[in-house]
Amino acid sequence: MFKTETIVQYIYDKAFVTNEMGPGIASAILLFILILVVTMINLRMGRKSEQNF
């Protein structure tokens, strides 16, 4: 993985260019979990700030 390569480019290259589905799918699942966690934190913080008004 190059320093300027994004995680999405890495997933695409692993899954489709080099035909290594295992690392590609594992990376995609980790990215999904990361986005899910950040979204849940964002939603909880938004609810707390609405209650303070």
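Bear in mind that the values in this text are calculations on the coordinates, not laboratory data. Because the structure is predicted, anything quoted here is derived from the model rather than measured. For neighbour counting, all protein chains shown are included, and Cβ atoms are generated from backbone atoms with ideal geometry for every residue, glycine included.
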- Message: Under the 0.36 nm per residue contour assumption, what length would be gained going from the current alpha-carbon distance of residue 16 and residue 49 to full extension?
- Response: 7.6 nm
- Message: Once you keep just the Cα pairs under 8 angstrom separated by 6 or more residues, what percentage relative contact order results for the chain?
- Response: 22
- Item | Sum of -39500 (n - 2.57) over DSSP H runs of 4+, divided by residues of the chain (222 nm, nearest 500) | -23500 deg cm²/dmol
- Query: Mind checking the angle between helix 21-51 and the chain's longest principal axis? C-alpha axes, 0 to 90 degrees, to the nearest 10.
  - Reply: 10
- Item | In range of the label at residue 8: residues from segment 27-53 whose backbone nitrogen is under 18 Å from the point 7 Å along Cα→Cβ | 27-39
- Query: Using the C-alpha atoms of the chain, what convex hull volume per residue, in cubic angstrom, is computed?
  - Reply: 76
